[in-house]
């Protein structure tokens with residue numbers, strides 16, 4: 001009986017020691033986490049001061065995604081012997097100069113995707129990668145500050161494809177007006193005097209028109225998360241048939257050093273592009289007879305960030 005009491009006492013003591021040790025470790029963990037949060041807050045505050053200094057700010061982010069698969073005698077498929085692949089890349093690059101009296105913001109976006117479907121039993125199909133997504137845009141905004149949050153500005157923005165049919169069509173906006181920066185991460189451009197030049201070749205029917213340009217650009221870093229969103233709208237004074245908008249978004253999260261995961265997507269509506277696409281199959285197509293469907297693309301993959 002005495003031995004049993006001793007054993008129970010020892011077990012109870014060990015349990016109390018383990019419980020106490022566990023609670024002490026949890027308290028120490030909380031203390032260290034609180035210290036990390038304080039240090040991170042101080043580091044973020046210093047970074048904000050660095051970002052507010054005059055001079056150039058350079059950044060580039062890129063997302064790469066893709067997959068490859070092959071099938072041999074996979075009879076449940078319509079094409080049992082085939083190889084499938086897709087590959088895409090998205091690059092956002094920024095070069096901004098911020099001074100006390102003026103700013104100069106430059107940006108480039110490239111999104112290109114390739115896809116391949118090779119039916120090994122069909123000698124007539126293509127076994128090469130075909131371009132599926134092709135987006136290219138370049139912009140330059142100069143502003144002279146008349147107050148802390150407002151500047152008179154001039155904008156150049158160019159949009160086209162890069163791999164196939166470069167500058168066919170190509171859209172070039174040149175305009176002047178004002179730029180509002182309510183916060184450091186948001187830039188809103190309002191240019192009531194803007195000319196939208198459209199370049200094309202062959203029998204394409206595009207018209208250049210005068211109108212208003214509105215751009216909203218948001219760039220923010222939340223710890224390891226990078227966010228970039230850009231909405232570009234042209235409102236033609238000659239009617240909605242000649243208006244267009246493009247909205248691109250990029251999200252990336254850094255997991256280790258400059259490597260992480262990224263998600264990019266874009267939306268666009270452009271009735272002139274829709275009309276010329278429909279004219280290929282229907283020569284009698286008009287603005288009134290076509291559907292101006294929403295255009296879109298997206299990409300998920302490995303992301304690389306360079307600051």
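Please treat every number below as a calculation from the coordinates, not as lab data. Note that the structure is predicted; figures quoted are calculated from it, not measured. Cβ placement follows ideal geometry from the backbone for every residue including glycine, while neighbour counts extend to all protein chains displayed.
Just a few scattered comments:
- Relative contact order of the chain: 11 percent, from C-alpha pairs under 8 Å at least 6 residues apart in sequence.
- Computed from the alpha carbon atoms alone, the convex hull of the range 120-238 holds 146 Å³ per residue.
- When all alpha carbon pairs of the range 154-303 are counted in 10 Å bins from zero, the resulting P(r) reads 10, 33, 32, 19, 6, 0 %.
- Contact order for the range 48-167, expressed relative to its length and based on alpha carbon pairs under 8 Å spaced 6+ residues apart, stands at 20 percent.
- FRET efficiency for residue 78 and residue 280, using Cβ-Cβ distance with R0 set to 22 Å, rounded to 0.05: 0.20
- Degrees separating the helix 2-51 axis from the principal Cα axis of the chain, which is the longest one: 30
- Taken along its principal axes, the alpha carbon cloud of the range 56-306 reaches lengths of 70, 55, 23 Å, longest axis first.
- Fully extending the segment from residue 123 to residue 184, taken as 0.36 nm per residue of separation minus the present Cα-Cα distance, adds 16.2 nm.
- The chain, helix-only ellipticity at 222 nm - DSSP H runs n ≥ 4, -39,500 (n - 2.57), divided by all residues, nearest 500: -7000 deg cm²/dmol
- Our estimate of slack between residue 204 and residue 144, defined as 0.36 nm per intervening residue step minus the Cα-Cα distance, is 17.7 nm.
- For residue 162 and residue 295, the difference between the fully extended length at 0.36 nm per residue and the C-alpha to C-alpha distance is 46.1 nm.
- Per-residue packing, averaged as other Cβ atoms within 10 Å, sorts the ranges 187-196, 117-126 into the order 187-196, 117-126, beginning with the highest.
- Crossing angle, helix 271-281 versus the chain [Cα axis fit, 0-90 degrees, rounded to tens]: 70
- Distance between modelled label sites at residue 57 and residue 267, nm, 7 Å Cα→Cβ extension: 2.6
- Placing pseudo-labels 7 Å out from each Cα toward the beta carbon at residue 29 and residue 104 gives an inter-label distance of 5.3 nm.
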